[in-house]
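Beneath this line is the structure, given in structure tokens, with notes to follow.
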Amino acid sequence: GAVVSQHPSRVICKSGTSVKIECRSLDFQATTMFWYRQFPKQSLMLMATSNEGSKATYEQGVEKDKFLINHASLTLSTLTVTSAHPEDSSFYICSAETSGGANTQYFGPGTRLTVL
Amino acid sequence: KQEVTQIPAALSVPEGENLVLNCSFTDSAIYNLQWFRQDPGKGLTSLLLIQSSQREQTSGRLNASLDKSSGRSTLYIAASQPGDSATYLCAVRLFGGSQGGSEKLVFGKGTKLTVNP
């Protein structure tokens, strides 16, 4: 089956630093990847939709200059949290959609970010 | 704006019991509905996907139904086991944009299920 990986699985950083999270589709090409954020006991909230080779589309209320998304290839998307603050601490999950309009998203295992 | 609600927020049952998890959504114009399982600190595992034209899907001890007109879906778990303990998320997929591209999933907050041995 389709497998999506994320790296790192857990990261702790100091306030003001930047953190990069990678999302990879291991055995398929993903023209579209999605980045979600999940706060404790809350639902997953879509942050942005990333299409290979083009700029990401951000959801309302998500700062594109703070959450930089790059989708440079059909198997890799990165999310960089710039100048992280404690309120950015959350669980970040990516998903990847297969090309060809299959309309099925495969989810990564998530990255736990803690900003001190 | 599409909103997805899941009831109950938490459920604790003894092993072997059959149970039903509920999901409701405000806009019936959906592409499909999907049930996921999420273990603590982990990503999502897709359980069942129901297309908007379908009424139900079954996989093993799981059965999901969809009543699009009333904006409701249920996930039925038969003969529950301790290994079923997890948070179950319901998500609806909206139709694609004008160019037929992907559209987002809108998630509920989930039902945390505990099956006691």
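Taking residue B:41, is it at positive phi, modelled with pLDDT of 95 or more and either of a type outside the set (A, V, I, L, M, F, W, C) or not in a loop (DSSP other than H, G, I, E, B) (or both)? It would help to see each step written out before you state the result.
Details: at positive phi: yes; modelled with pLDDT of 95 or more: no; either of a type outside the set (A, V, I, L, M, F, W, C) or not in a loop (DSSP other than H, G, I, E, B) (or both): yes.
For residue B:41, the condition - at positive phi, modelled with pLDDT of 95 or more and either of a type outside the set (A, V, I, L, M, F, W, C) or not in a loop (DSSP other than H, G, I, E, B) (or both) - is not met.
Which members of segment B:1-46 meet the condition of being more than 22 Å from residue B:79 (Cβ to Cβ) and basic (Lys, Arg)?
B:1, B:42
What are the pairs, 6+ residues apart or on separate chains, where a residue within segment B:19-44 that is facing chain A (nearest Cβ under 8 Å) has its Cβ under 8 Å from a residue that is crowded, with 21+ Cβ neighbours inside 10 Å and assigned to a loop (DSSP other than H, G, I, E, B)?
Pairs that qualify, where the first residue is facing chain A (nearest Cβ under 8 Å) and the partner is crowded, with 21+ Cβ neighbours inside 10 Å and assigned to a loop (DSSP other than H, G, I, E, B), are B:41/A:110; B:42/A:110; B:43/A:108; B:43/A:110; B:44/A:44.
If a residue has to be outside any loop (DSSP other than H, G, I, E, B), out of contact with any Asp or Glu (no Cβ under 7 Å at 6 or more places or on another chain) and either more than 14 Å from residue A:43 (Cα to Cα) or of a type in the set (A, V, I, L, M) (or both) to count, how many in segment B:79-96 make the cut?
Selection size over segment B:79-96: 5.
Output the strands (runs of 3 or more DSSP E) that fall wholly within segment A:52-116 and possess 1 or more residues being surrounded by fewer than 21 Cβ atoms within 10 Å (Cβ to Cβ), of a type in the set (Ser, Thr, Tyr) and in contact with a Ser or Thr (Cβ under 9 Å, 6 or more places away or on another chain), or say none.
Values: elements: A:67-73, A:76-81, A:90-98, A:105-107, A:111-115.
Those strands (runs of 3 or more DSSP E) span A:76-81, A:90-98, A:111-115.
When you check residue B:31 against the structure, is it surrounded by 12 or more Cβ atoms within 10 Å (Cβ to Cβ) and more than 23 Å from residue A:41 (Cα to Cα), yes or no?
Spelling it out, residue B:31 is indeed surrounded by 12 or more Cβ atoms within 10 Å (Cβ to Cβ) and more than 23 Å from residue A:41 (Cα to Cα).
Listed residues B:108, B:71; which is farther than 29 Å from residue A:112 by Cα and either away from chain A (no Cβ under 14 Å) or among the small types (Gly, Ala, Ser) (or both)? Lay out the reasoning, then the answer.
Details: B:108 fails: farther than 29 Å from residue A:112 by Cα.
Answer to the check: B:71.
For segment B:1-25: of the residues being of a type in the set (S, T, N, Q) and at pLDDT 95 or above, which is nearest to residue B:52 (Cα to Cα)?
In the first step, residues of segment B:1-25 are kept if they are of a type in the set (S, T, N, Q); the result is B:2, B:5-6, B:12, B:18, B:22, B:24.
If we keep only those that are at pLDDT 95 or above too, we end up with B:5-6, B:12, B:18, B:22, B:24.
Numbers: B:5: 18, B:6: 19, B:12: 30, B:18: 26, B:22: 17, B:24: 14 Å.
This residue is B:24.
The values are calculated or read from the model by the stated rules, or taken from the named source; none is laboratory data. The shown structure was predicted, so the numbers you read here are calculated from the model rather than taken from an experiment. Counting neighbours? That spans all protein chains shown, and the Cβs are built from the backbone with ideal geometry, glycine included.
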